[in-house]
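Okay, structure first, notes after.
Derivation of every value follows stated rules applied to the coordinates shown; laboratory data play no part. Quick caveat: nothing in here was measured; it's all calculated off a predicted structure. Ideal geometry is used to build each Cβ from the backbone, glycine not excepted, and the neighbour counts take in all protein chains shown.
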């Protein structure tokens with residue numbers, strides 16, 4: 001008997017009238033995996049930024065060069081995954097569709113634009129405010145998905161989103177130090193990041209009504225990598241640093257981070273596809289919890305009481321989101337085309 005995926009046109013997600021409970025649970029599991037991998041990705045990437053040549057570079061080009069290298073290598077990991085699972089030929093076919101172009105737009109908004117805004121927010125307003133403001137992206141995504149995708153969010157779900165965001169703000173906020181003459185510019189830049197990450201998820205969900213999540217995640221990461229190399233790094237003078245990082249010992253550290261990042265994005269897109277932005281994003285934001293766990297294990301970090309409390313609040317908010325009324329998924333597809341049966 002052929003599966004739903006085998007009956008559908010390659011690279012196209014079959015439509016159904018309902019989403020089984022097992023697939024909704026699968027979507028929440030993908031969101032949890034995405035957060036765990038993103039937390040690990042950040043910790044490993046932090047190690048790379050503390051090593052040569054990124055550690056001795058100028059403040060602005062270094063993180064952007066690291067982000068570019070990360071996305072280039074993550075694209076490589078995703079392409080290899082597509083090759084192994086027989087999806088490689090679907091990439092150009094999906095890119096030529098309207099939904100593929102929407103995914104490219106989502107990639108530019110959520111990748112270089114949002115990330116650059118985030119980094120400039122740190123530069124001008126300080127990490128405390130930039131982190132706290134950017135942590136509100138699940139609320140932005142939920143609001144936009146309610147408006148444009150007609151996602152139903154229960155009162156308990158909205159409460160969970162608010163609590164999750166509040167916990168993330170508590171965990172990341174610290175009083176700023178020193179003078180900040182461009183503080184409000186930094187806040188505006190951080191707001192760009194928050195809005196960009198929320199928009200990315202909503203656009204991706206719309207596109208994944210036709211393009212399967214594995215392909216969508218790959219197109220997203222590849223587009224981001226190209227824009228970094230062709231636009232962002234030339235503008236900030238980071239191409240030489242990027243080239244130097246390719247031949248450094250830190251390359252292998254970034255390669256490991258990229259593997260975690262690729263897994264995170266594949267799982268994140270699958271989760272958004274299955275349960276929607278209003279549920280996937282708050283669960284994904286548990287990366288703050290995982291980042292602490294991996295930081296303690298890998299770097300010997302000693303978390304503060306504020307950090308622990310903030311993470312605890314975030315976790316409680318995520319539980320509220322999960323316990324909300326399940327979606328019927330009338331506008332979603334079965335996950336037969338997301339990952340091979342052996343990987344579900």
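The order of 183, 120, going from fewest to most other C-beta atoms within 10 Å of their C-beta, is 183, 120.
Normalising by the residue count of the range 17-339, find the relative contact order in percent from Cα pairs under 8 Å and 6+ residues apart. Relative contact order for the range 17-339 comes out at 41 percent.
If you sort the three axes of the alpha carbon gyration tensor as a ≥ b ≥ c, you get a/c of 1.5 or more for the range 17-339 and a/b no higher than b/c, which makes it oblate. Placing pseudo-labels 7 Å out from each Cα toward the beta carbon at residue 323 and residue 231 gives an inter-label distance of 4.4 nm. Taking a ≥ b ≥ c as the square roots of the eigenvalues of the Cα gyration tensor, the range 96-163 is classed as oblate, since a/c reaches at least 1.5 and a/b does not exceed b/c. Could you tell me the center-to-center distance, by alpha carbons, between the range 215-242 and the range 128-165 in angstrom? When both Cα centres are located, 28 Å separates them.
Ordered by the number of other Cβ atoms lying within 10 Å of each residue's own Cβ, fewest first, 115, 281, 180 fall into the sequence 180, 115, 281. Across the range 44-174, the mean sequence separation of Cα contacts (distance under 8 Å, 6 or more residues apart), normalised by length, yields a relative contact order of 18 percent.
Want the number for residue 154 to residue 304: 0.36 nm per residue separation, take away the alpha-carbon distance, what's left? Going from the current span to full extension adds 50.6 nm. For the range 101-211, the percent of C-alpha pairs falling in each 10 Å distance bin, counted from 0 to the bin holding the largest distance, reads 16, 39, 31, 12, 2. Classify the range 233-324: rounded, prolate or oblate, from the alpha-carbon gyration tensor (a ≥ b ≥ c, eigenvalue square roots; a/c under 1.5 rounded; otherwise prolate if a/b is larger than b/c)? Oblate, because a/c is 1.5 or more while a/b does not exceed b/c.
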